[in-house]
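Below is one structure; the comments refer to it alone.
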Number of protein chains: 2
Amino acid sequence: MQVIRSIAELRAWRRSAGRVAFVPTMGNLHAGHLALVAEARQRADTVVVSIFVNRLQFGQGEDFDAYPRTFDADCAKLEAGGVDVLFFPDERELYPRIKQDFNVEPPHIQNELCGAFRPGHFRGVATVVSKLFNIVQPDLACFGKKDYQQLHVIRAMVDDLNMPIDIVPVDTGRADDGLALSSRNGYLSADERAEAPRLYRNLAAIRDALLAGDSNYAALEKTACDDLAAHGWRVDYVEIRQADSLEIAHVGEPRLVVLAAARLGKTRLIDNIEVTR
Amino acid sequence: MQVIRSIAELRAWRRSAGRVAFVPTMGNLHAGHLALVAEARQRADTVVVSIFVNRLQFGQGEDFDAYPRTFDADCAKLEAGGVDVLFFPDERELYPRIKQDFNVEPPHIQNELCGAFRPGHFRGVATVVSKLFNIVQPDLACFGKKDYQQLHVIRAMVDDLNMPIDIVPVDTGRADDGLALSSRNGYLSADERAEAPRLYRNLAAIRDALLAGDSNYAALEKTACDDLAAHGWRVDYVEIRQADSLEIAHVGEPRLVVLAAARLGKTRLIDNIEVTR
């Protein structure tokens, strides 16, 4: 595996790479990321992974500085996963003037769900992913369903700005007890880790109720919020939405997604389940 | 010359095109556009021109509906200029949902100079040029210096979003009396056409004064504004700026540009001159 740190070098290499699949990450790789790599590996001649902790998508008071950086361990995992090129730029390579002047501005969905609690987050995601796409020029890119709203924003951006890239969604990796794999799970204490699967259990309970014909979305959401709050969580949201558009779901909608974000101690966890009726 | 109207067809053709130069236009082509085409022709295996009158960059009350559409004459000129492909999409091809959801948002310069009088204009330009770049995937693109602020915005965007495209500036084409070639010159009455070169003459007078060592930018700007106003123009601005950044110019700045926009009757004309001391 080649490690490339400059944009110029990556572009020079890119010209002879054939069909390229791309997996953008912030590092601290777990089995969820490696599932993205495996999917990419199956679909292209060449797999490029990037590791870049993107300051632009972290808000004031969020965990940019604390975000785990585990470069050596990440390299070993990517090497084992058959990755061809790791693009690992420093901040000056991607933000040479410190400030990013041009931004890719998503529509109103950027201010809903997680966006309501993380102002500017999805603008930062859309902008850095645009930059990485322009640098790597992949034929396809893999994104996890774990970050469902992010996946939605990226797919909509690619469509709306006519980017010549196929976006491939990959299922969420989970621990045996259902907890979605996430770098932020590393922040949890032992007690919090034991409590954490409650988020998924509540989403699964809503899924089961929906599949059984319950259409009182508001009541289902409230039951989950109450259960989480009763066990010490601070809930940002639990919402049932249309799976394709992430718009508010109406009764009878066939393809739904249940999304949640909640805080356990200092750790903010997110998860979601798709429900097709 | 092939005329291609769909994105899918253009992308399929693009794969075997070699080094591609791109000239985006709104049609109604004059010698200024053909100079862009000639420059493109010199620099690449293949030349793609687009004609698309982009609603997104016209404001309320501007001339979107009146903007001249002269497709057959344009085709003949492009054919004679050795263009390989004309991309001529209709509005549904570029804006299938009518509304553009994701926008490329330029920094504060979008609200200065012409941007102060055309709110949203440069966002519309940056967004449609991004879309066209993503569709055509050119190696280089030619833009006229006539639209100096637009050229600045596009160059800064390409740099800041890491687009893999060389931007080639091309000198402004002029009539014998100095008037910059523009589709909007066609709106002028015979009397207005005779008056129109005064804009260039004022810019040239400022250039000559700057080269002679005059550094009282405000006085030079005011003299030009007053002369234009005295001859029936409504002046939007005459400004001396730094050529590279378009920021406010300080005394002693070596590379300047003098930019102006003013209205003669219903027609808004713009022009500029670079000055290197």
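With a ≥ b ≥ c taken as the square roots of the eigenvalues of the C-alpha gyration tensor of the range B:149-277, please select rounded if a/c is under 1.5 and otherwise prolate if a/b is larger than b/c or oblate if it is not?
Numbers: a/c = 2.06, a/b = 1.23, b/c = 1.67.
Here the range B:149-277 falls in the oblate category.
What FRET efficiency, computed as 1/(1 + (r/R0)^6) with R0 = 51 Å and r the Cβ-Cβ distance, is obtained for B:ASN111 and A:ALA31, rounded to the nearest 0.05? Walk me through the numbers on the way to the answer.
Values: r = 47 Å, r/R0 = 0.93.
According to the calculation, E is roughly 0.60.
If the viscosity is 0.692 mPa s and the temperature 37 °C, what Stokes-Einstein diffusion coefficient in µm²/s follows for the protein assembly as shown when Rh is the Kirkwood radius over Cα pairs?
Numbers: Rh = 26.2 Å.
The diffusion coefficient I find is 125 µm²/s.
If you line up the long axis of helix B:31-43 against the longest principal axis of chain B, both from Cα atoms, how many degrees apart are they, to the nearest 10?
60 degrees
What's the center-to-center distance, using Cα atoms, between the range B:53-124 and the range A:189-225 in Å?
Using only Cα atoms to place each centre, the spacing works out to 48 Å.
Between A:ALA80 and A:GLU9, what FRET efficiency follows from the Cβ-Cβ distance if R0 is 30 Å, with the result rounded to 0.05?
On the way: r = 24 Å, r/R0 = 0.79.
It comes to 0.80.
Neighbouring Cβ atoms within 10 Å as the yardstick, rank B:VAL136, B:VAL37 fewest first. Intermediate results must be reported in sequence, preceding the final value.
Details: B:VAL136 27, B:VAL37 23.
Listing B:VAL136, B:VAL37 from fewest to most nearby Cβ atoms yields B:VAL37, B:VAL136.
Among chain A residues, which Cβ is nearest the axis of the A-onto-B rotation, and at how many Å?
A:GLU105, 2
Considering the Cα trace of the range A:47-183, what is its radius of gyration and what is Dmax, both in angstroms?
15.3, 45
Count charges around A:PHE102 for me, please; just the other residues with Cβ under 14 Å from its Cβ, Lys/Arg as +1, Asp/Glu as -1. Write down the numbers at each step before the final one.
On the way: positive: A:ARG97, A:LYS99, A:ARG123, A:LYS131, B:ARG123, B:ARG155; negative: A:ASP101, A:GLU105, B:GLU105, B:ASP159, B:ASP160.
Spelling it out: positives minus negatives among the neighbours equals +1.
I'd like the FRET efficiency for B:ARG92 and A:TYR237, computed as 1/(1 + (r/R0)^6) with the beta carbon distance as r and R0 of 41 Å, rounded to 0.05.
Values: r = 36 Å, r/R0 = 0.88.
Given R0 = 41 Å and the Cβ-Cβ separation, E is 0.70.
What number, in percent, do you get for the relative contact order of chain B if the mean sequence gap of Cα pairs under 8 Å and at least 6 apart is divided by its residue count?
Numbers: 459 pairs, mean separation 47.7, N = 277.
Contact order relative to length: 17 percent.
Shortest first, in nm, what separates the label point of A:ALA73 from those of the same position in the other copies (7 Å along Cα→Cβ)?
Between copies, matching label points for A:ALA73 lie 6.9 nm apart.
Can you pull the Rg over Rh of chain B, Cα-only, Kirkwood? Please report the intermediate quantities before stating the final value.
Numbers: Rg = 18.9 Å, Rh = 19.6 Å.
Ratio of gyration radius to Kirkwood radius for chain B: 0.96.
Mind sorting A:CYS142, B:CYS114 by how few other Cβ atoms lie within 10 Å of their own Cβ, fewest first?
Working: A:CYS142 27, B:CYS114 20.
The most exposed by this proxy come first: B:CYS114, A:CYS142.
Laboratory data are not the source of any read-out in this text; all were calculated from the coordinates shown. Worth saying up front: this structure is predicted, and the values here are computed from it rather than measured. Heads up, the Cβs are rebuilt from the backbone with ideal geometry, glycines too, and the neighbour counts pull from every protein chain shown.
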